[in-house]
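*Asks:* This is the structure I want to talk about, given as structure tokens.
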Amino acid sequence: MRVTFTVNGRRHEADDVWEGESLLYVLRERMGLPGSKNACEQGECGSCTVRLDGESVCACLVAAGQVEGRDVVTVEGLADQASRRATDGRGTTAADEQRWAPQPAADAGVPLSPVQQAFIDAGAVQCGFCTPGLLVAADELIEHNSRPSDGDIREALSGNLCRCTGYEKILDAVRLAAARTDQSEAQQGEAV
Amino acid sequence: MEFLRPASWEEALAAKAEHPTAVPIAGGTDVMVEINFDQRRPEQLLDLNRITELHEWEVGEEQVMLGASVPYTRIIENLRTELPGLALAGHTVGSPQIRNRGSVGGNLGAASPAGDSHPPLLTAGAEVEAESVRGSRRIPVEDFFTGVKRNALAEDELIKRIHIDKASGPQQFSKVGTRNAMVIAVCGFSVALHPERRIVKAAVGSAAPTPFRATAAEDFLTAALDEAGLWESGGAIPLSVARQFAELCSASCNPIDDVRGSAAYRRHAVGVMARRTLSWVWDGYRSTGGNGARNDEGGSRCA
């Protein structure tokens, strides 16, 4: 079957999708967006976390056909999504998605989101496999709550497993991203 | 495989009548696991995501009409006053990602003995509204679970709504697992006070082939509270009564040994949860002067 939906602000189309296929498989294998990771395929690990119409979900548990006409944001579009929250931006272009790198060149169109930058600054990335899912989950938390308590952070990330870090640096990174977001929101508030 | 995407409830019922083996899929948190792991290859998947009324709920005078696909996140955010037991149980389901997709309708459809929503439905009082092209019927939740992963639905029926009595007193839920998130219950327990009728309902999950109400324990406690006039006096429940209630709850279990825990452990844990949740709801009852529902801020307490 054919499935058409919006990914990172741009219309994507996939053909010959098997009816039992997951959104995760379509993103990775048919749309060339391997940022969402495939690990447990049963919703236990959170490595494939994406936003579906704004809500964090495990892409491995969403049937591709269920996404028809809906809106998906993956880690590849996270930076753009974050900047769009502050300003009124455009969708991520295909070229931007494919050019995405953790350390963008000076002329690259995609700067890092506050959460991505904080993960680098706090040393919250080791093997990196869980990182995309954690970034998407942490970004959703900070979008709704820029002053999360430690309890809020733990709960928001409770669906994401990391086997390297022991989580402490990840918690540091989320606190850092939240503090920076809160500060910039406060500054914006003053400017207005 | 065929992917059916009905745009309306009527279309969904027609599709289910035409394809009785079609597997309904809403949040996908159970069905997709089975498909990903090659455990299930249904001829048709029946996607219910486009049917808006399944995502809606309505708070009535005495009951909440909960659409089958309303995700746990919405229940926790919006219905914790009316359905405190279900909200507490919902908060222990999976993770935020799972709670954004998983629903009570799906939990009932899967009918796992470990379904977290089942004990609070049993203690609150609930009816499952099942519908087919032949018509609609309401199944008391006590009659809904017929075996391990089996329920009372006919093959052409779909779950439309769950009608749940609004809490008239404190309700509690407790669950044992290896960590606070992402666990299938080793066992679960729910208790609800119904002060207006002077009765207590208690239900157990994951300690028998189906979730069930511990009726012997309920009857004992209801009689003991009545005899001592504790509903009126608001006095403390004697230790011996709480202990007997816990023992009766344990004795009503019919658990198995499996990877999550042994039968003996489950029996023991159910007793511990029974005693603790009883003390929580009774404290709640006493602190509200004997009436009104109350629930805990910040989710369920650790058992």
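*Asks:* Under the 0.36 nm per residue contour assumption, what length would be gained going from the current alpha-carbon distance of B:Thr52 and B:Ser233 to full extension?
*Replies:* 60.4 nm
*Asks:* Let me ask something else about it. Using only atoms on other chains, find how many Cβ atoms lie within 10 Å of each Cβ of peptide A:34-43 and report the average.
*Replies:* If you average over the peptide's residues, the count of other-chain Cβ atoms is 3.
*Asks:* How do B:276-282, A:151-157 rank on mean C-beta neighbours within 10 Å, highest first?
*Replies:* Output ranking for B:276-282, A:151-157: B:276-282, A:151-157.
*Asks:* Further question on the same structure: Tally the DSSP beta bridges in the range A:3-75 and give the antiparallel ones as a percent, rounded to 5.
*Replies:* 85 percent
*Asks:* Also, quick follow-up: Run the dipole for the range B:171-287 about the Cα centre, Lys and Arg Cβ at +1, Asp and Glu Cβ at -1, nothing else charged, and hand back the magnitude in debye, nearest 20.
*Replies:* That gives a dipole near 400 debye.
*Asks:* Which value, in debye to the nearest 20, describes the size of the charge dipole of the protein assembly as shown about its Cα centre when Lys and Arg Cβ atoms bear +1, Asp and Glu Cβ atoms bear -1, and nothing else is charged?
*Replies:* For this selection, approximately 1140 debye.
*Asks:* Taking the mean number of other Cβ atoms within 10 Å as a proxy for protection, how do you rank B:227-237, B:142-152 from highest to lowest?
*Replies:* Result, highest mean first: B:142-152, B:227-237.
*Asks:* Compactness ratio of the range B:171-287: Cα Rg over 2.2 N^0.38 Å, N = residue count?
*Replies:* Ratio of Rg to 2.2 N^0.38 Å for the range B:171-287: 1.05.
*Asks:* Tell me what chain B gives for mean residue ellipticity at 222 nm when only DSSP H runs of n ≥ 4 count, each as -39,500 (n - 2.57), the sum divided by the residue total, rounded to 500 deg cm²/dmol.
*Replies:* That calculation yields -10000 deg cm²/dmol at 222 nm.
*Asks:* If I take every Cα pair under 8 Å that is 6 or more residues apart in the range B:171-287, average their sequence separation and divide by the length, what percent do I get for the relative contact order?
*Replies:* Over the range B:171-287, the number comes to 27 percent.
*Asks:* Would you calculate the separation in nanometres between label points at B:Glu77 and A:Asp121, each defined as 7 Å from the Cα along the Cα-to-beta-carbon direction?
*Replies:* Inter-label distance under the simple model: 2.9 nm.
*Asks:* Within 10 Å of each residue's Cβ, count the other Cβ atoms and sort B:Cys253, A:Cys164, A:Cys60 from fewest upward.
*Replies:* Lowest to highest Cβ neighbour count: A:Cys164, B:Cys253, A:Cys60.
*Asks:* Something else about it: Just tell me how shielded A:45-57 is by partners: mean number of partner chain Cβ atoms within 10 Å of each residue's Cβ, no decimals.
*Replies:* The shielding value for this peptide is 3.
*Asks:* What base-10 log of the normalised intensity I(q)/I(0) is obtained for the range A:3-75 from the Debye formula, alpha carbons as equal point scatterers, at q = 0.12, 0.14, 0.20 Å⁻¹?
*Replies:* -0.25, -0.34, -0.72
*Asks:* Follow-up question, since we're still on this one. Got a sec? Charge dipole of the protein assembly as shown, +1 on Cβ for Lys and Arg, -1 for Asp and Glu; which of A:Ala63, A:His12, A:Gly35 is way out at the positive end?
*Replies:* With unit charges placed on the Cβ atoms, the residue in question is A:Gly35.
*Asks:* Against the longest alpha carbon principal axis of chain A, how many degrees, from 0 to 90 and to the nearest 10, is the axis of helix A:168-191 turned?
*Replies:* 70 degrees
*Asks:* Another question, then. What share of Cα pairs, in percent, lie more than 43 angstrom apart in the protein assembly as shown?
*Replies:* 20 percent
*Asks:* Sticking with this one: With viscosity set to 1.567 mPa s and temperature to 4 °C, compute the Stokes-Einstein D of chain B, Rh being the Kirkwood radius across alpha carbon pairs; µm²/s, no decimals.
*Replies:* Value of D from the Cα-based Kirkwood radius: 66 µm²/s.
*Asks:* So what is the calculated 222 nm ellipticity per residue for chain A, using -39500 (n - 2.57) for each DSSP H run with n of 4 or more, over all residues, to the nearest 500 deg cm²/dmol?
*Replies:* Here the helix-only value at 222 nm equals -11000 deg cm²/dmol.
*Asks:* Per-residue Cβ counts within 10 Å, from other chains only, averaged over B:148-161: what number is that?
*Replies:* So the per-residue partner count for this stretch is 0.
*Asks:* If we count other beta carbons within 10 Å of each Cβ, what is the order of B:Glu77, B:Glu56, B:Glu131, fewest first?
*Replies:* With the fewest neighbours first, B:Glu77, B:Glu56, B:Glu131 line up as B:Glu77, B:Glu56, B:Glu131.
*Asks:* With the contact rule set at Cα under 8 Å and sequence spacing of 6 or more, what percent relative contact order holds for the range A:3-75?
*Replies:* About 41 percent, as a whole number.
*Asks:* Cut-off is 10 Å between beta-carbons; in what order do B:Val200, B:Val128 appear when sorted fewest neighbours first?
*Replies:* By the 10 Å Cβ count, ascending: B:Val200, B:Val128.
*Asks:* I would also like to ask the following. If only Cα atoms are counted, what is the Rg of the range B:1-157, and what is its Dmax, in Å?
*Replies:* Expressed in Å, the Cα Rg and Dmax of the range B:1-157 come to 15.0, 45.
*Asks:* For chain B, what relative contact order do you get, as a whole percent, if you take Cα pairs closer than 8 Å and at least 6 residues apart?
*Replies:* The normalised contact order for chain B reaches 17 percent.
*Asks:* Nearest 20 debye, what's the magnitude of the dipole of chain B about its Cα centre given +1 on Lys and Arg Cβ and -1 on Asp and Glu Cβ?
*Replies:* Result for chain B is approximately 960 debye, rounded to the nearest 20.
*Asks:* Then there is this: With a 10 Å cut-off between alpha carbons and a GNM built on chain B, which of B:Pro170, B:Pro209, B:Pro238 moves the most?
*Replies:* Looking only at B:Pro170, B:Pro209, B:Pro238, the largest GNM fluctuation is found for B:Pro238.
*Asks:* Mind giving me the FRET efficiency for B:Arg150 and A:Arg11? R0 is 35 Å, r the Cβ-Cβ distance, nearest 0.05 is fine.
*Replies:* 0.25
*Asks:* Along each of the three principal axes of the Cα atoms of the range B:1-58, give the extent in whole Å, ordering the values from largest to smallest.
*Replies:* 36, 25, 13
Only the coordinates and a few stated rules stand behind these numbers; no lab work does. The structure presented is a predicted model; accordingly, all values stated were derived computationally and were not measured. Cβ sites come from the backbone with ideal geometry, for glycine too, and all protein chains shown count toward neighbours.
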